[in-house]
Amino acid sequence: MPNDPPLTLPAAMRRRGFLLTAWPWRVFGYLLSTPPVTLVAAVPLALLGLPLLLAVFSDISPGERAVMAVLGVLLIAGLGPLAAVPLATLERRRLRLVDPRPTRSGHRRPPEAGAISWLRTRYSEPVTCRELGYFLLLVTAVPVLYGALATALLFQFAALAAPLVLRNDDVPVVLGPATIDSPAAALPYVIVALALLPAVPYLLALVAGGQAALARALLQRGPGERFQAELVEVAHSRARLVDAFDAERRRIERDLHDGAQQRLLSLTMKLGLARMDLPPGPAADSVADAHQEAKQLMTELRELVHGIHPRVLTDRGLVAALGELADRSPLAVTVQADVPGRQPRHVESTAYFAAAEALTNAAKHSGADKADMTTRWDDGVLILEITDNGVGGADPDRGTGLTGLADRVAVIDGRLLVSSPAGGPTTIRVELPCSLNEPA
């Protein structure tokens, strides 16, 4: 079936006809290519660990031995990942010989271009440490394992070749603890070796499968890292959407302000002049009605433009925009601001619309007639508090707009806190992480 998962080596070993498939050859290629990779990994690790080797094998004082050992460990831990990262890429590709399943790298894309950003990203990733650990195991354990495997294979093929050697040479053949001096004495060993010969591919497959499982466990992205990477990508995507939305909203506000609003203003003035020039009568009354409707539409368009994105927020910043918002509110609003600079545009916009939503909720639902609005910047966090003297009992489940307000704040990793006991007062606190700078 096209949607079936790729066949793995353990599953292939359990099937009949394993010896007649390409899997034994793939296993042989994987094992045969391991020593060159091990040698390539051993060279930089041996150079970096030279002080550690000197500490172990040289005749020096205990104090010097400790210093050399610490230096060797620091060099391997500090510079070893530089060699492990490219080798791990090669190893993930080589793993396809015995494991066709996709093996994804756990490395993230550096946030910025340049070597410094790349190094900072790589040294902060858990997969980098695992890659270094894998190649340390490859350099230290693989020679021992492959040496034992080669010894077992050599013993078997020596048993198969023993009759031919004894037939052409009188020198006895030593097979472990046994010494064979004639072809007849070698016959039982030949029978056992022939019986075990079909098991050789399975033995090689077991060794390759174990190494591949270790490589997959250490070199690919773990489940937690995959979810973390997805969350990071979601956060970045969300930030891009917020920036795009704010940019589009400012464009609409600019087009309405500079285009439709100006043309409507010109039309209103022309209607006013026409009204003055016409003598009293039905025509003058019609022009007067049109003039009145144009002025009303002008007011509504101005409110619409202001609701999309107030120009004062762009031109003069959050503090001035909050002051204008307080003047336009039906409540008596007192504003206190202690913000020494400008914030990024998305932070200013979120804080402004959070304040507007809070004041609108207070005017519509709480029965308040006055409110206090305080904003300040405290150690990387912009804090906005709105307190009204209404009846309290604000509940997001009753559709007071707090849910949408919380969602707007959460988009930029902010926090919304609400205190609204029955009988009031209601306090809404918005915390937005940011830095003080000119809006970008």
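The values are calculated or read from the model by the stated rules, or taken from the named source; none is laboratory data. Note that the structure is predicted; figures quoted are calculated from it, not measured. Reconstructed Cβ throughout: ideal geometry from the backbone, glycine too, with neighbour counts over all protein chains shown. We work out accessible area using only protein heavy atoms, side chains counted, and drop any ligands, DNA or RNA first. Shrake-Rupley method; radii C 1.70, N 1.55, O 1.52, S 1.80 Å.
Within region 87-123, the set of residues being part of a helix (DSSP H, G or I) and acidic (Asp, Glu) comprises just one member, Glu91.
For Ala184, state whether it is surrounded by 11 or more Cβ atoms within 10 Å (Cβ to Cβ), modelled with pLDDT under 80 and either over 56 Å from the mean Cα position of the chain (by Cα) or not hydroxyl-bearing (Ser, Thr, Tyr) (or both).
No: the conditions fail for Ala184.
Taken together, Ala152, Ala84, Ala161, Ala66 contain a single residue that is touching an Asp or Glu at 6+ places or on another chain (Cβ under 7 Å), of a type in the set (A, V, I, L, M, F, W, C) and assigned to a helix (DSSP H, G or I), which is Ala84. Pairs linking a residue in region 325-348 that is under 12 Å from Ser435 (Cβ atoms) and in contact (Cβ under 8 Å) with a residue 40 or more places away in the chain to a residue that is acidic (Asp, Glu) and exposed (fewer than 13 other Cβ atoms within 10 Å of the Cβ), with Cβ atoms under 6 Å and 6 or more positions apart or on different chains, are Arg342/Glu438. Within region 200-231, the set of residues being loosely packed, with under 12 Cβ neighbours inside 10 Å and modelled with pLDDT under 60 comprises Pro223, Gly224, Phe227, Glu230, Leu231. What residue, among those in region 69-85 that are open to solvent by 50 Å² or more (accessible area, probe 1.4 Å) and closer than 16 Å to Leu45 by Cβ, is nearest to the chain's Cα centre (by Cα)? Only one residue fits best here, namely Leu82.
Considering only residues that are open to solvent by 10 Å² or more (accessible area, probe 1.4 Å) and among the aliphatic types (A, V, I, L, M), which ones fall in region 328-353? Of everything in region 328-353, those that are open to solvent by 10 Å² or more (accessible area, probe 1.4 Å) and among the aliphatic types (A, V, I, L, M) turn out to be Leu331, Ala332, Val333, Val335, Ala337, Val339. In the set Thr103, Thr128, Thr121, Thr89, only one residue is of a type outside the set (Phe, Trp, Tyr), under 29 Å from the mean Cα position of the chain (by Cα) and at pLDDT below 80; that residue is Thr103. Could you tell me whether region 6-14 includes any residue that is open to solvent by 40 Å² or more (accessible area, probe 1.4 Å) and polar (S, T, N, Q)? No; the residues of region 6-14 include none that is open to solvent by 40 Å² or more (accessible area, probe 1.4 Å) and polar (S, T, N, Q).
From the list Ala363, Ala355, Ala371, exactly one residue is within 17 Å of Pro433 (Cα to Cα), modelled with pLDDT of 80 or more and out of contact with any Lys or Arg (no Cβ under 9 Å at 6 or more places or on another chain). Which is it?
Ala355
Right, Ala326: in a helix (DSSP H, G or I), modelled with pLDDT of 70 or more and over 46 Å from the mean Cα position of the chain (by Cα) or not? Criteria not met by Ala326. Given the structure, is Leu132 open to solvent by less than 80 Å² (accessible area, probe 1.4 Å) and hydrophobic (A, V, I, L, M, F, W, C)? Yes. A single member of Ala363, Ala356 is out of contact with any helix residue (DSSP H, G or I) (no Cβ under 8 Å at 6 or more places or on another chain), in a helix (DSSP H, G or I) and either surrounded by fewer than 24 Cβ atoms within 10 Å (Cβ to Cβ) or of a type in the set (D, E, K, R) (or both), and it is Ala363. Whether any residue in region 69-76 is in a helix (DSSP H, G or I), farther than 30 Å from Ala193 by Cβ and touching an Asp or Glu at 6+ places or on another chain (Cβ under 6 Å) is what I want to check. Among the residues of region 69-76, not one is in a helix (DSSP H, G or I), farther than 30 Å from Ala193 by Cβ and touching an Asp or Glu at 6+ places or on another chain (Cβ under 6 Å), which makes the answer no. When Arg26, Arg92 are screened for being touching a residue at least 12 places away in the same chain (Cβ under 8 Å), under 30 Å from Leu203 (Cα atoms) and touching a strand residue (DSSP E or B) at 6+ places or on another chain (Cβ under 7 Å), only Arg92 passes. Residue check: Arg65 meets all listed conditions (1) surrounded by fewer than 15 Cβ atoms within 10 Å (Cβ to Cβ); (2) more than 24 Å from Gly147 (Cβ to Cβ); (3) touching a helix residue (DSSP H, G or I) at 6+ places or on another chain (Cβ under 8 Å) but one, namely (1).
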